[in-house]
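S.K.: I am attaching a structure below and will ask some questions about it afterwards.
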Amino acid sequence: MKLASLSREHRELIFLVLAFLIGFLGSLTVCAWLLIRFGWQEMAWWEIPPTMLQMLLTSMSVGVMVCGAVLWLSLKWRTLRGTHRCPVCDRKQRKPGFCEDCVRGPGHAG
């Protein structure tokens, strides 16, 4: 299945899931590197599980923030591009449906 054959809503959902995964895995990698680099030697064994839980919660928060930023950019892009478009001539419109020239018939200048 090609990405271009999916509807706009499905493509946006795929991009949002990818944005969350990139934000989550990126911040989890950075947190794990910081823990190993600076805190592992000085920590007692009972301090490691709560620290790992904090890393997971921080990474989930960063993933949600990145996902929100991508959603905001997507909404801004759609607003700038024109929210509704004519399915025949692809002109910007204020409401969904066909534009007046497309309703009149196939001889319009487009």
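S.K.: Looking at (1) surrounded by 12 or more Cβ atoms within 10 Å (Cβ to Cβ); (2) modelled with pLDDT of 90 or more, which one does Trp33 not meet, given that it meets all the others?
M.R.: So the condition that Trp33 fails would be (1).
S.K.: A further question on this structure: List, please: which pairs have Cβ atoms under 8 Å, are six or more places apart or on different chains, and start with a residue in region 34-55 that is farther than 23 Å from Phe24 by Cβ and end with one that is part of a helix (DSSP H, G or I)?
M.R.: From region 34-55, the pairs are Met43/Thr51.
S.K.: Residues in region 65-80: is at least one within 24 Å of the chain's Cα centre (by Cα), surrounded by 14 or more Cβ atoms within 10 Å (Cβ to Cβ) and among the charged types (D, E, K, R)?
M.R.: Looking for residues that are within 24 Å of the chain's Cα centre (by Cα), surrounded by 14 or more Cβ atoms within 10 Å (Cβ to Cβ) and among the charged types (D, E, K, R), one finds none in region 65-80, hence no.
S.K.: Kindly evaluate Phe24 against the criterion of being in contact with a helix residue (DSSP H, G or I) (Cβ under 8 Å, 6 or more places away or on another chain) and either among the aliphatic types (A, V, I, L, M) or outside any strand (DSSP E or B) (or both).
M.R.: Numbers: in contact with a helix residue (DSSP H, G or I) (Cβ under 8 Å, 6 or more places away or on another chain): yes; either among the aliphatic types (A, V, I, L, M) or outside any strand (DSSP E or B) (or both): yes.
Criteria met by Phe24.
The values are calculated or read from the model by the stated rules, or taken from the named source; none is laboratory data. Quantities reported herein were computed from a predicted structural model and do not represent experimental measurements. Quick reminder, even Gly has a Cβ in these numbers, built from the backbone with ideal geometry, and neighbours come from all protein chains shown.
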